[in-house]
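*Asks:* Take a look at the following structure, please.
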Amino acid sequence: MIVIVLYICEIIRIILSFTYPVSNYFLDLIYRLLMGPNKPLPPIDNKILLVPAVELAEKIRKRQVTCKEVMRAYIQRSQLIHDNINAVTDQRYVEALQDAVAVDRFLESGEKTEEQIAEETPLLGVPFTCKEVLGVKGLAQTAGLVKAKGHLAEVDGDAPAMYRKAGAIPVTVTNVPEICMWWETDNHVYGNTKNPYDNRRTTGGSTGGEAALLTGAGAIIGIGTDIGGSIRLPSAFCGVYGHKSSRDIVSNWGAFPYCKLSPDGEHIFTEERPQRHFASTGPMCRYAKDLPLLLKVLSGDDKRIQLDKKVDFRKVKVYYMKGIPGFFNSAQAEIQRAIMKAANHFEEEFGVKAIPLDIKELKYAFAMWSAKFREIGAKPLKTGLCYGKESINLWLELLKSFFRCSDHTLPLIFFSLLKPMDDKFYHKCLEMYKAMHKKFEDIFEEDAVFLFPTHPEPPPHCLMTIPKFPNVAYTCIFNILGYPITAIPAGLSNGLPIGIQAISGQFKDHLTIAAAQELDKVFGGWISPCPIKA
């Protein structure tokens with residue numbers, strides 16, 4: 001039965017892809033009837049909300065603006081847009097304002113010079129938000145699991161702790177899909193997070209709450225995690241920047257429910273999850289200029305990633321692909337044009353020859369990703385749903401979900417029921433992975449950047465993530481390779497964000513971030529989903 005449904009999903013995906021944009025037009029009509037008209041965000045009317053984090057930190061330490069003013073502006077904006085997008089799951093507004101007042105008093109004291117502050121706490125006074133699963137002390141940390149409702153983080157996770165160490169102030173935590181294993185941000189604890197550009201579209205996942213809040217100007221910097229595209233997809237769908245760091249550069253510790261930090265700082269596994277080695281934590285933001293400092297802070301200024309190294313693109317090779325090989329896997333025309341626009345910019349600006357690639361193995365990207373999870377002994381998806389109990393009857397949960405009686409979301413139940421691939425295809429996928437890995441390792445032996453679509457189309461309508469799930473192949477394959485990737489906004493298509501990825505070799509994060517900053521000049525970076533009246 002499940003196999004039949006899978007085939008039906010694939011047929012729907014192929015039809016929708018083949019008939020795009022006609023099918024997109026009719027889906028718009030259907031969703032307008034079912035969900036009503038789009039509810040646009042209120043205008044941005046405070047200039048503070050439009051200042052990049054690095055500039056905001058400088059203004060605060062120079063006392064050109066008070067930290068309290070900044071904090072109040074972001075709290076008010078977060079509250080104002082909440083009903084539109086449903087991104088925030090918990091908040092510490094009162095405590096954040098108290099922290100801001102303490103920063104202002106510290107600056108008034110003259111205890112340290114501006115130079116000392118910039119060196120020791122470069123994000124002093126800057127508000128930040130955080131993906132709910134990573135953990136901010138005292139705030140909700142449920143991973144969207146009904147059984148975990150009411151669970152609070154005992155301490156900060158490692159990544160938010162690094163932001164706080166640099167002087168930034170946590171304000172909110174944001175929504176995720178159930179156990180962060182889907183690419184639409186919805187669960188039965190907090191509900192669905194809506195795309196600020198069109199409420200009937202997905203924000204992506206699993207860091208969808210962060211991306212929605214950032215693009216709506218309810219936050220200036222955030223933190224996400226990425227095991228299959230969870231930073232990059234929401235960044236693309238919401239028109240912001242996101243960076244999936246090189247493997248093991250930024251700590252994943254504290255991510256609920258798989259590991260936690262005890263109050264005394266001890267790292268504890270609540271469940272052994274081998275796939276954590278494919279997950280990366282990284283920064284998200286509206287402005288490309290903030291990325292180097294944010295990653296430097298999160299990584300503890302890890303020198304392996306050479307963030308202070310100046311990049312000369314005349315000495316960097318540029319490669320590109322306009323999409324995954326295969327007629328039914330190809331990216332839509334506007335995405336392909338964005339790739340070519342980026343490649344042409346490097347040719348015209350730096351005199352390099354952008355080289356097209358044809359890596360045929362990418363056609364099986366999703367299958368290779370699944371095979372690598374099996375190879376490392378990753379536990380079945382359903383184990384994540386067993387929080388607080390020994391087992392779960394998936395068929396019963398599937399039946400209950402049709403009557404809206406299940407604690408679990410339909411996509412997660414359905415895909416937990418999928419049977420693993422047969423042994424023959426599994427071994428074939430591992431062989432294809434080895435061949436593909438060798439090709440990429442040869443490419444990235446020198447300084448090189450690979451331009452590739454983040455997703456083959458603009459953000460899908462809500463629930464269309466189910467038949468279109470194979471499209472995550474565009475992102476998930478690079479998690480098992482461990483490469484650094486920066487998600488780059490590439491403008492709008494009919495009012496909806498599209499994005500591309502800049503990819504490079506292990507520990508060459510500085511190259512992908514430099515590429516993002518360069519392409520910011522080409523595409524214009526973040527484009528507000530609402531009017532700006534500041």
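Values quoted throughout were computed directly from the atomic coordinates according to the rules given, and no laboratory measurement underlies them. What you see is a predicted model, and the numbers here were worked out from it, not measured in a lab. Backbone-built Cβ (ideal geometry, glycine too); neighbour counts: all protein chains shown.
*Asks:* What ranking do 63, 13 get, fewest neighbouring Cβ atoms within 10 angstrom at the top?
*Replies:* Taking fewest neighbouring Cβ atoms as first place, the list is 63, 13.
*Asks:* Got a sec? How would 180, 67, 405 order by Cβ neighbour count within 10 Å, fewest to most?
*Replies:* The fewest-first ordering by Cβ neighbours comes to 405, 180, 67.
*Asks:* Using modelled backbone amide H atoms (1.01 Å from N, in-plane), which distant-in-sequence or interchain residues come within less than 5 Å of residue 250's amide H?
*Replies:* The answer is 281.
*Asks:* At a 10 Å Cβ-Cβ cut-off, how would you order 526, 182, fewest neighbours first?
*Replies:* 526, 182
*Asks:* For the stretch 284-371, which trypsin sites (Lys or Arg not before Pro) are both in a DSSP coil and crowded by at most 16 other Cβ atoms within 10 Å?
*Replies:* The qualifying sites are 309, 310, 353.
*Asks:* For the pair residue 34/residue 22, report the inter-label distance in nm, with labels modelled 7 Å from Cα in the Cβ direction.
*Replies:* So the label points at residue 34 and residue 22 sit 2.1 nm apart.
*Asks:* So, one more: Return the loop-located chymotrypsin sites (Phe, Trp or Tyr not before Pro) in the stretch 398-437 (DSSP other than H, G, I, E, B) with at most 10 other Cβ atoms within 10 Å of their own Cβ; answer none if there are none.
*Replies:* 403
*Asks:* Here's another thing I want to ask about it. Cα convex hull of the stretch 79-149: mean projected area in nm², to one decimal?
*Replies:* For the stretch 79-149, the mean projected area of the Cα convex hull comes to 6.4 nm².
*Asks:* Can you flag which of 165/194; 296/341; 47/310; 59/315; 59/165 are past 27 Å Cα-Cα? Mind dumping the intermediate values first?
*Replies:* Working: 165/194 32 Å; 296/341 29 Å; 47/310 31 Å; 59/315 36 Å; 59/165 19 Å.
With Cα atoms farther than 27 Å apart: 165/194; 296/341; 47/310; 59/315.
*Asks:* Out of the stretch 143-184, which trypsin sites (Lys or Arg not before Pro) are coil in DSSP terms and have no more than 16 other C-beta atoms within 10 Å?
*Replies:* Taking the stretch 143-184 and a limit of 16 other Cβ atoms within 10 Å, the loop trypsin sites (Lys or Arg not before Pro) found are 149.
*Asks:* Starting from one equal scatterer on each C-alpha and no solvent at all, send me the Debye-based log10 I(q)/I(0) for the stretch 436-496 at q = 0.19, 0.25, 0.29 Å⁻¹, two decimals.
*Replies:* -0.86, -1.18, -1.36
*Asks:* Name the longest site-free stretch of the chain, where the excluded sites are GluC sites (Glu not before Pro) in a DSSP loop with no more than 16 other beta-carbon atoms within 10 Å.
*Replies:* Details: sites that count: 111, 154, 266, 271, 272, 390, 445, 446.
Answer from the scan: 273-389.
*Asks:* Further question on the same structure: In terms of Cα to Cα distance under 17 Å, which aspartates and glutamates are near enough to residue 508, apart from those fewer than 8 places away along the same chain?
*Replies:* Within the straight-line limit of under 17 Å, residue 508 reaches these aspartates and glutamates: 248, 301, 302, 308, 312, 441, 442, 445, 446, 447, 518.
*Asks:* Moving on. For a test of the definition: using alpha carbon positions, the gyration tensor, and the 1.5 limit on a/c, classify the chain as rounded, prolate or oblate. Write down the numbers at each step before the final one.
*Replies:* Working: a/c = 1.40, a/b = 1.19, b/c = 1.18.
Because its axes are fairly even, with a/c under 1.5, the chain counts as rounded.
*Asks:* Out of residues 5 or more away from residue 39 or on other chains, whose amide H comes under 5 Å of its own, with H placed 1.01 Å from N in the peptide plane?
*Replies:* Distant-sequence amide H within range of residue 39: 199.
*Asks:* Next question. So, in Å, what gap is there between the alpha-carbon centers of the stretch 441-500 and the stretch 320-396?
*Replies:* 7 Å
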